[in-house]
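I have placed the structure first, in the form of structure tokens, so that the comments after it can refer back to it.
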Amino acid sequence: MFGFASKHDENETVSPAVSVDNEAGLENKSSSPDNGAHVEFGGQNVECPPHTTERKLMTKIDFRVIPFLCVLYLLAFLDRVNIGNARSFGLVKDLKLKDVEYNTALTMFFVPYIVCEIPSNILLKRLSPRVWLSGCMFLFGVVMVCQGLVQNYSGLLATRFFLGMFESGMFPGCFYLIGMWYKRSEAQRRYSFFFSSTTFAGGFGGLLAAAIGKMDGDRGYSGWRWIFIIEGTFTAVVALAFFFLLPSFPEEATWLSQEEKDYVKARLQVDQGNSAAERKITLRDVGRVFKDYKVIVGGFMYFGMIVPAYGFAFFAPTILSTYKWSPIQTQLHSVPPWACAFAFAMIISFCSDYTRHRFIFTLIPIAVAIAGFGILIAVHDNRGVEYAGLFLVAMGAYSAMPVIVCWFNMNLGGHHRRSVGSAWQVGFGNIGGIIATYAFLQTDAPYYKKGYSICIAFLCLAFASCCVYAFAVDRANRQRDKMPRDVGLTEYEKTELGDMSPDYRYLL
């Protein structure tokens, strides 16, 4: 039932008869070799431009899309979680925060972040990614600088609120944009590499905080203030450059010839169907998306992962500080788990793309993360073993999340369903961020058993949700296989249905 899809031999010629693409997607008529020399869709045969090959064209796209989105999200995630590093350098003491006020400040970020996800993706489509993403990036960079200048608890709450508002479109917007460039069999490595910018941000943030922390007292500012000011200034400057550099949708790419645009669009149509990029998203479109229960399950898959992921991102320095290291040593020891998380995530992504399968590669990392939290709950007298547990937590949580998001997003067909669905998954999932901010309270130090237990519970929720989603898409595929091949739908109607079209096949 949940087996791996078979792979075509590179030189095998696909029969011109109707076939089901093993990558999952539309049932399509194809007269092309699997090497992608030309594709046929909707009665039109679109050949790869003679001046290039599919591999060269995809490499060109890789260098124009992925690096810029990685840098954008790296800086967004760094600005979001560097408050954990700042805490090690006296933020709580200087602002005279009491009880759970620090946790409340973390929570404030998620309120606008959750609410603004879907509106942000709609504006992304209307204004173009280049304008919307670079504009939001500049604004949250400015807010980060302001966060370094706050003098009290109220000021910290205000800056965290606006930071969440301006960052709300970054993650779903970038994932949505990647999904509009790549076939599903190509997407996991790109998604994982993009998502792994979070592990770069975690590791780089620790190194940067260790260096900036030495500026404590310069010009009368504490080290934690310099962390916010320097990182925020850098983000704002990069955003100005990204206004000219960030990619847009394939239909709008000025750095592709018309022949290349046609070919990119055709190969995506074969895999995913027409995108309906030209039509604006309406409230009716949003409502139709939520009639599909698989979309709701997709939100719970991500929701279950967010609690342990943010628990680690926000509180790893705090947990490490209980091991009696100095602030600088604490920051440096926070780097290796992030580095291992990146390596493990890339291994998982390559295996997932190679087998053209997602389900199993969500369960394996989740099990690794559960094992890590189990060690942290059970072991309290061996610092080396406890530290190893943190490695497993980071490796598991930050390897499962990109597979889950890629799996769900790339199973959504068309601009409208993918725009709304991706924003829903990330928006609803980030409610878990609010839970994560209260999972690790200072009163539970140094063992944090309550926090670790909460994280395990949510990992189990993610595990169960992935199983339900796998069952749902497999069941949908089997039902559609039994349906008549031609039910009289026009191409426009199939485009409007997206992945709900009877011709569509989900990737397991």
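The values are calculated or read from the model by the stated rules, or taken from the named source; none is laboratory data. Computed from a prediction, not measured in an experiment: that's the story for all the values here. FYI the Cβ positions are ideal-geometry reconstructions off the backbone, even for glycines, and counts take in every protein chain you see.
Scanning segment 123-147 for residues that are at pLDDT 95 or above and not hydrophobic (A, V, I, L, M, F, W, C), we see that the one that is surrounded by the most Cβ atoms within 10 Å (Cβ to Cβ) is Gln147. Test Gly273 against the stated conditions and say whether it is at pLDDT below 85, farther than 25 Å from Gly433 by Cα and crowded, with 21+ Cβ neighbours inside 10 Å. For Gly273, the condition - at pLDDT below 85, farther than 25 Å from Gly433 by Cα and crowded, with 21+ Cβ neighbours inside 10 Å - is met.
Under the condition of being farther than 23 Å from Ser192 by Cβ and in contact (Cβ under 8 Å) with a residue 24 or more places away in the chain, the residues counted in segment 378-396 number 4. Scan segment 351-395 for residues that are more than 23 Å from Val307 (Cβ to Cβ) and either among the acidic types (Asp, Glu) or touching a His at 6+ places or on another chain (Cβ under 6 Å) (or both) and the total you get is 2.
Is it the case that Ser501 is touching a Lys or Arg at 6+ places or on another chain (Cβ under 7 Å) and either crowded, with 16+ Cβ neighbours inside 10 Å or modelled with pLDDT under 85 (or both)? Taking the combined requirement at face value, the residue satisfies it. Just give me the residues in segment 169-223 being part of a helix (DSSP H, G or I) and among the basic types (Lys, Arg), in sequence order. Residues satisfying the conditions are Arg184, Arg189, Arg190, Lys214, Arg219.
Residue-wise test of (1) at pLDDT below 90; (2) within 19 Å of Cys467 (Cβ to Cβ).
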position: Ile364; (1), (2): no, yes
position: Gly374; (1), (2): no, no
position: Ala397; (1), (2): no, yes
position: Gly413; (1), (2): yes, no
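Consider segment 309-348 and keep the residues that are outside any helix (DSSP H, G or I) and out of contact with any Lys or Arg (no Cβ under 9 Å at 6 or more places or on another chain). The one that is nearest to Asp499 (Cα to Cα) is Ser334.
Note on segment 50-82: residues that are surrounded by fewer than 18 Cβ atoms within 10 Å (Cβ to Cβ) and either among the hydroxyl-bearing types (Ser, Thr, Tyr) or more than 26 Å from Glu167 (Cβ to Cβ) (or both) amount to 9.
Among the residues making up segment 289-332, those that are buried (at least 23 other Cβ atoms within 10 Å of the Cβ), under 21 Å from Arg383 (Cα atoms) and small (Gly, Ala, Ser) are Gly311, Ala313, Ala316. Scanning segment 89-104 for residues that are in a helix (DSSP H, G or I) and either within 23 Å of the chain's Cα centre (by Cα) or surrounded by fewer than 19 Cβ atoms within 10 Å (Cβ to Cβ) (or both) yields Val92, Lys93, Asp94, Glu101, Thr104. Within segment 279-308, the residues that satisfy the criterion of being part of a helix (DSSP H, G or I), within 24 Å of the chain's Cα centre (by Cα) and farther than 24 Å from Leu508 by Cα are Asp285, Val286, Gly287, Val307, Pro308.
Residues in segment 80-97 that are charged (D, E, K, R) and at pLDDT 90 or above: Lys93, Asp94, Lys96.
Is it the case that Leu268 is closer than 24 Å to Asp62 by Cα and at pLDDT 85 or above? Against the criterion (closer than 24 Å to Asp62 by Cα and at pLDDT 85 or above), Leu268 does not qualify. Put simply, of Leu376, Leu412 the only residue that is outside any helix (DSSP H, G or I) and crowded, with 21+ Cβ neighbours inside 10 Å is Leu412. Note on segment 183-220: residues that are without any contact (Cβ under 8 Å) to a residue 12 or more places away in the chain and within 17 Å of the chain's Cα centre (by Cα) amount to 0. Only one of the numbered conditions (1) assigned to a helix (DSSP H, G or I); (2) touching a residue at least 24 places away in the same chain (Cβ under 8 Å); (3) farther than 30 Å from Leu256 by Cβ is violated by Thr159, and that is (2). Screening Ala345 on (1) within 16 Å of the chain's Cα centre (by Cα); (2) over 23 Å from Met401 (Cα atoms); (3) among the hydrophobic types (A, V, I, L, M, F, W, C) shows it passes everything except condition (2).
In this structure, does Ala241 turn out to be at pLDDT 85 or above and surrounded by fewer than 20 Cβ atoms within 10 Å (Cβ to Cβ)? Judged against the criteria, Ala241 is a match. Of the listed requirements (1) more than 30 Å from Asp503 (Cα to Cα); (2) surrounded by 19 or more Cβ atoms within 10 Å (Cβ to Cβ), Met401 misses just one: (1). Filtered by the rule that a residue be under 12 Å from Glu117 (Cβ atoms), among the polar types (S, T, N, Q) and either in a helix (DSSP H, G or I) or in contact with a His (Cβ under 8 Å, 6 or more places away or on another chain) (or both), segment 419-438 gives Ser419, Ser422, Gln425.
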